[in-house]
Structures are given as C-alpha cells and as structure tokens.
1. Could you check the spin-label model distance between HIS89 and GLU116? Points 7 Å from the Cα along Cα→Cβ, value in nm.
2. Can you compute the charge dipole magnitude of region 3-170 about its Cα centre, using +1 on each Lys and Arg Cβ and -1 on each Asp and Glu Cβ, nothing else charged? Give it in debye, rounded to the nearest 20.
3. Which ³J(HN,Hα) values in Hz, rounded to whole numbers, follow from the phi angles of region 93-99 under the Karplus curve 6.51 cos²θ - 1.76 cosθ + 1.60, where θ = phi - 60° and Gly and Pro get x?
4. Among ALA61, ASN2, CYS42, flag the residue with its Cα farthest along the positive direction of the charge dipole of region 1-65, charges on Cβ as +1 for Lys/Arg and -1 for Asp/Glu.
5. Pop out the ³J(HN,Hα) list for region 60-68 in order, Karplus 6.51 cos²θ - 1.76 cosθ + 1.60 with θ = phi - 60°, rounded to Hz; leave Gly and Pro as x.
6. Tell me the net charge near ILE142. Cut-off is 12 Å between Cβ atoms, ILE142 excluded, with +1 for each Lys or Arg and -1 for each Asp or Glu.
7. Once every DSSP H run of n ≥ 4 in the chain is given -39500 (n - 2.57) and the sum is divided by its residues, what mean residue ellipticity at 222 nm do you get, rounded to the nearest 500 deg cm²/dmol?
8. Pop a pseudo-label 7 angstrom from the Cα along the beta-carbon direction at both LEU133 and THR69 and give the gap in nm to one decimal.
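Each reported figure results from applying straightforward, stated rules to the coordinates on display, with no laboratory input. Computed from a prediction, not measured in an experiment: that's the story for all the values here. Cβ sites come from the backbone with ideal geometry, for glycine too, and all protein chains shown count toward neighbours.
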Amino acid sequence: MNLSQRALLMIAKLHDVLDELVTPLHQLHDHRLQCSKGCSSCCVDDLTVFEVEAQHIVEHAEELLATATPAPKGQCAFLDPEGACRVYHYRPYVCRTQGLPLRWVEEDPQTLEITEYRDICPLNIVEGEPVALLPAEQLWAIGPFESKLNELQQAFNPDEPQKRIALRSLFAS
Ligand code: SF4
C-alpha cells in the first residue's frame with residue numbers, strides 16, 4: 001500500500017476518532033442542540049473539503065454520484081428532498097461538528113496577540129447560558145483536527161497539499 005492509499009484509509013479512522021470525541025459534547029449540550037434529521041441549516045452550498053476527504057466520499061458513494069441528481073443550488077448537493085444527508089456515514093469532518101459550540105484562536109501577525117473566538121448555530125443558543133461563558137473544554141476546538149486532515153492531504157497528494165474539492169463537483173450530472 002502506498003502513502004496515498006494509506007492516507008485515504010486513515011480518513012475513516014480519523015472520522016471514528018472524531019465521532020468518539022464529539023459524542024460527550026453532544027450529550028453535554030443535548031438540551032440546546034436542535035440538530036436532527038431534516039434540519040439542514042448548516043448544509044450550505046459551496047462547501048469544499050480536502051481532496052482526500054472528497055475521495056473518501058467518492059469511494060463510498062460511487063453509484064449515488066453517477067446516477068443521482070444533486071440538490072438544487074443554494075444547499076449542499078448531498079441533501080435529499082427531506083433535508084437528510086445522502087452520505088451521512090461518509091460525511092466530511094466539517095459536518096461532524098455542526099451544531100456544537102465552537103472555539104478557535106487567531107494570532108495577530110503584527111502584535112502576536114492571541115484572540116479567542118466562539119460561535120454556535122443561532123438555533124442552538126439557550127437563554128441564560130451564553131457560549132461566551134462556557135468552560136473551554138465544553139466547546140469543540142477548531143484547529144487540531146484540521147491540522148491532521150492537512151497532514152493526510154499532504155500524504156495523499158504531495159504535489160497539491162492544499163487541494164480542496166467542492167462537494168457539488170463530485171456529482172456526474
Ligand atoms: S455532506 Fe451531508 S452533512 Fe455535510 S453539508 Fe452536505 S448534506 Fe450536510
């Protein structure tokens with residue numbers, strides 16, 4: 001097995017690890033999460049993923065991609081008419097943390113000052129429990145998993161280590 005094939009296999013493992021990590025957060029925030037089958041507010045159009053994650057979907061949804069019609073523009077191409085994901089088990093990283101309170105940090109290139117940002121879907125805001133006051137460990141930290149995905153992309157395609165693919169472009173039609 002070459003490095004590229006190994007990177008592709010590792011995507012499934014990475015998703016499994018991710019799901020294990022987000023499960024306790026989903027349980028913790030169960031009372032605020034309005035996310036359920038049919039709620040597709042986060043499933044916006046024009047999502048792009050690393051090529052290696054796109055290939056993971058291609059390998060598991062070959063028939064769907066060859067024969068099905070993408071959802072109309074304005075929403076993710078993988079949504080079905082009922083608002084459910086047609087590649088739920090193979091959906092990319094970004095879809096697996098949707099709905100959770102998120103935190104990330106950015107460094108000012110001039111001052112090197114670090115600023116923390118937080119966000120959550122407006123549907124999941126609970127009065128009296130502002131996301132700004134939650135302990136950091138109760139939010140999903142954006143950054144570490146993106147770095148791991150980037151490493152896998154580099155192994156998958158060293159010539160194009162930043163290559164991203166639009167989900168809609170995976171459909172034949
Ligand atoms: S791949 Fe699935 S979960 Fe992700 S945005 Fe598209 S429809 Fe939603």
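1. If labels sit at HIS89 and GLU116, their model points lie 3.8 nm apart.
2. Working: 14 positive and 26 negative charges, 85 e Å.
Charge dipole of region 3-170: 420 debye, to the nearest 20.
3. After applying 6.51 cos²θ - 1.76 cosθ + 1.60, I find 3, 4, 7, 7, 10, 4, x Hz.
4. Comparing the listed Cα positions along the dipole, CYS42 ranks first.
5. 9, 10, 4, 5, 4, 5, 7, 10, 8
6. Values: positive: ARG103, ARG118; negative: GLU106, GLU116, ASP119, GLU146.
So the environment of ILE142 carries a net charge of -2.
7. On the way: 5 runs with 59 residues, N = 173.
Result for the chain: -10500 deg cm²/dmol, rounded to the nearest 500.
8. Spacing of the two 7 Å Cα→Cβ label points: 5.0 nm.
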